[in-house]
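Have a look at the structure below, then the notes.
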There are 2 protein chains.
Amino acid sequence: MDRFLSSFVHNVDAKGRVSVPASFRQVIASRGIRELFAMRSLSQPAIDVGGPELMEHYEKQMEAVDPFSDLYQELAIYAYGDGAYLKFDTEGRILMTDFIRAHTGITDRVTFVGVKNSFQLWEPDNFEAFRGALREKLRDRLTRDRGGSTSVETPE
Amino acid sequence: MDRFLSSFVHNVDAKGRVSVPASFRQVIASRGIRELFAMRSLSQPAIDVGGPELMEHYEKQMEAVDPFSDLYQELAIYAYGDGAYLKFDTEGRILMTDFIRAHTGITDRVTFVGVKNSFQLWEPDNFEAFRGALREKLRDRLTRDRGGSTSVETPE
DNA sequence: CCCGTTCCCATTGACGCCCACGGATGCCCA
DNA sequence: TGGGCATCCGTGGGCGTCAATGGGAACGGG
């Protein structure tokens with residue numbers, strides 16, 4: 001039970017707060033994550049949330065780049081300037097800031113999606129559409145690769 | 001929590017004052033930074049702000065240049081000539097001087113961008129445009145040469 | 001003496017902490 | 001096996017605190 005799994009839809013209250021799923025909080029605690037870090041996903045209208053590894057991932061990549069190059073500077077701005085800390089309140093809730101809303105389209109509901117070592121925040125309809133498209137894509141690929149006599153069934 | 005992280009937009013009042021984000025002031029205090037340096041970014045319409053390491057960073061960068069060359073002279077003038085020490089008032093605010101405004105285009109709002117060991121001052125619209133372009137650039141790089149040594153990969 | 005700069009105080013709006021409620025779940029015991 | 005109970009979790013609201021902001025007063029240099 002140490003990885004983020006499954007997805008949950010939670011409500012945003014009038015103050016912009018959302019409860020982080022209890023199971024996610026458990027994972028966070030068991031991993032010893034103290035500070036929750038959030039980054040805009042590069043390819044999706046979603047926010048990636050996780051521990052410091054999320055940022056360290058980019059730091060590692062920066063090590064291979066000339067520290068005085070423009071690319072290095074740009075990576076630094078992306079890794080450090082384009083994210084935010086998320087603070088829990090005493091109830092285990094986080095705030096949907098403008099930074100999150102603008103990138104995801106979230107208003108009054110949020111889908112939490114577990115992605116192993118981190119999780120994502122989505123606007124529920126967006127995620128539903130994305131998930132549907134993703135399934136189809138994967139199904140096509142699977143049927144093709146397997147010679148595709150029958151469709152591939154996934155448990156719901 | 002000892003690095004400059006995330007970005008904030010603050011207002012400039014009629015006297016030219018802006019509140020430095022509380023979290024940045026906290027980093028400054030925890031690092032024991034006494035004097036805040038400000039100088040022009042070499043590659044962006046932004047001001048770099050930080051402690052003494054910032055100046056050392058510039059100096060290292062300039063070491064690659066012949067100290068008696070015109071380029072060196074020009075770099076020195078560019079970076080130092082218009083550089084400044086920033087003083088806080090009792091409220092934790094700094095002044096938007098003319099040289100800051102001229103280089104960045106800042107008028108009545110400022111974006112503070114954390115970049116690990118220092119932070120930057122941007123005119124909000126400029127930064128937003130820059131950030132958008134940067135995201136696109138990094139995303140292209142990600143999808144184009146996947147697995148390449150210089151590629152940028154997202155976690156998971 | 002005037003102007004710019006720094007200090008001090010007031011306001012307001014956001015955020016963190018506290019408590020309260022209701023539904024669902026799981027547990028215990030008959 | 002089924003009913004009742006305790007607990008946990010998601011949710012909502014009230015309140016105190018602090019940060020961001022704005023304006024006025026005092027100070028100092030030119």
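The values are calculated or read from the model by the stated rules, or taken from the named source; none is laboratory data. On a predicted model such as this, the values are computed, not experimentally measured, just so you know. With ideal geometry, Cβ positions are generated from the backbone for all residues, glycine too; neighbour counts draw on all protein chains shown. When the accessible area is computed, the model is the full protein with side chains, heavy atoms only, and any ligands, DNA or RNA have been set aside. Shrake-Rupley method; radii C 1.70, N 1.55, O 1.52, S 1.80 Å.
Please return the ranges of helices (runs of 4 or more DSSP H) entirely within region A:1-83 where 1 or more residues are more than 15 Å from DNA strand C (Cβ to nearest atom), open to solvent by 10 Å² or more (accessible area, probe 1.4 Å) and hydroxyl-bearing (S, T, Y).
On the way: elements: A:22-30, A:53-63, A:70-76.
Correct list: A:22-30, A:70-76.
Could you tell me whether region A:9-31 includes any residue that is of a type in the set (F, W, Y) and within 28 Å of B:Q44 (Cβ to Cβ)? Taking every residue of region A:9-31 in turn, none turns out to be of a type in the set (F, W, Y) and within 28 Å of B:Q44 (Cβ to Cβ).
So which residues in region B:11-28 are of a type outside the set (D, E) and away from chain A (no Cβ under 14 Å)?
Filtering region B:11-28 for residues of a type outside the set (D, E) gives B:11-12, B:14-28.
B:N11, B:V12, B:A14, B:K15, B:G16, B:R17, B:V18, B:S19, B:V20, B:R25, B:I28, listed by residue number.
Considering the conditions (1) closer than 20 Å to B:R3 by Cβ; (2) within 16 Å of DNA strand D (Cβ to nearest atom); (3) open to solvent by less than 50 Å² (accessible area, probe 1.4 Å), B:I100 is excluded by exactly one of them, (1). All conditions but one from (1) more than 16 Å from DNA strand D (Cβ to nearest atom); (2) modelled with pLDDT of 90 or more; (3) within 18 Å of B:S7 (Cα to Cα) apply to A:P45; the one that does not is (3).
Among the residues examined, A:L138 does not qualify as within 14 Å of another protein chain (Cβ to nearest Cβ) and not in a loop (DSSP other than H, G, I, E, B). Taking the conditions (1) in a loop (DSSP other than H, G, I, E, B); (2) over 24 Å from A:A79 (Cα atoms) in turn, B:A102 satisfies each one other than (1).
Per-residue answers, yes or no, for (1) touching a residue at least 12 places away in the same chain (Cβ under 8 Å); (2) within 27 Å of B:V20 (Cα to Cα):
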position: B:P52; (1), (2): yes, yes
position: B:Y58; (1), (2): yes, yes
position: B:D66; (1), (2): no, no
position: B:D70; (1), (2): no, no
position: B:Y85; (1), (2): yes, yes
position: B:R93; (1), (2): yes, yes
position: B:R101; (1), (2): no, yes
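Of all the residues in region B:29-50, those that are touching a residue at least 60 places away in the same chain (Cβ under 8 Å) and within 14 Å of chain A (Cβ to nearest Cβ) number 9.
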